[in-house]
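Rule-based calculations on the coordinates, nothing more; no lab input. It should be emphasised that the depicted structure is a prediction, and the values quoted were computed from it without experimental measurement. Ideal geometry is used to build each Cβ from the backbone, glycine not excepted, and the neighbour counts take in all protein chains shown.
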Amino acid sequence: MDQSMDMVRVKDSDCEKIERIGRDILDSCEFRRIIGQRHHIFSTVGYHSVHVAFMMLFFARIFRLSEIDAVRGSLWHDVGIYDRDSFSGSRDTAHSHPIRSLESAEKSGTINRIQADMIANHMWPVTRKRPGTREGFMITIADKCCAVTEFLRLHNDRVERVLKDIADEVD
Ligand SMILES: [Fe+2]
Ligand SMILES: [Fe+2]
């Protein structure tokens with residue numbers, strides 16, 4: 001098997017991992033209500049959340065982090081952006097949505113200390129509190145890298161594939 005085929009397999013398995021590890025989150029009403037919310041001008045919160053999950057899986061392989069925390073923390077991290085009109089400006093959005101995301105995630109009764117740190121502190125250094133875990137620190141980087149590539153409209157087919165699978169289930 002040549003190396004390029006191995007890379008294709010790793011990439012395909014990341015789609016499968018996100019759908020399997022994040023199944024209940026992807027199916028939740030909290031996630032469904034943010035899928036189409038506009039984000040980073042040219043993207044949506046749903047696209048961005050899955051995009052961050054892919055990048056966190058990549059970091060998980062490099063830094064030997066838990067893939068479960070990588071995917072689940074990523075899928076939860078922006079579910080608090082469900083009603084943009086309820087925020088009073090960009091500063092309020094930046095500070096309030098991680099709190100809302102954490103509330104939604106905690107209601108699910110499934111998150112652990114690491115995922116809570118990823119969700120609550122992913123906006124650092126815009127928000128004051130530093131992440132207290134490696135995963136929490138890595139998502140601050142993944143979040144910003146994904147936001148920049150989304151703003152530049154660098155399209156990721158694998159993200160679309162996961163979103164299409166979600167949409168197909170609803171139909
Ligand atoms: Fe965020
Ligand atoms: Fe984000």
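Residue order for Leu154, Leu75, fewest other beta carbons within 10 angstrom first, comes to Leu154, Leu75.
Helical content of the chain, expressed as a calculated mean residue ellipticity at 222 nm, amounts to -21500 deg cm²/dmol (DSSP H runs of 4 or more residues, -39,500 (n - 2.57) each, divided by residue number, nearest 500). Cross-link partners for Lys17 among the lysines, with Cα-Cα distance under 18 Å and sequence neighbours closer than 8 places in the same chain left out: Lys164.
For Lys129, the aspartates and glutamates whose Cα falls under 12 Å of its own Cα, not counting residues fewer than eight places away in the same chain, are Asp117.
Is the shape of the stretch 3-170 rounded, prolate or oblate, going by the alpha carbon gyration tensor and its root eigenvalues a ≥ b ≥ c, with a/c under 1.5 for rounded and a/b larger than b/c for prolate? Rounded, because the longest to shortest axis ratio a/c is under 1.5.
Helix 3-21 axis versus longest C-alpha principal axis of the chain: approximately 40°, rounded to the nearest ten. Rounded, prolate or oblate for the stretch 76-171? Axes are the square roots of the Cα gyration tensor eigenvalues, ordered a ≥ b ≥ c, and the cut-off for rounded is a/c under 1.5. Verdict is rounded for the stretch 76-171.
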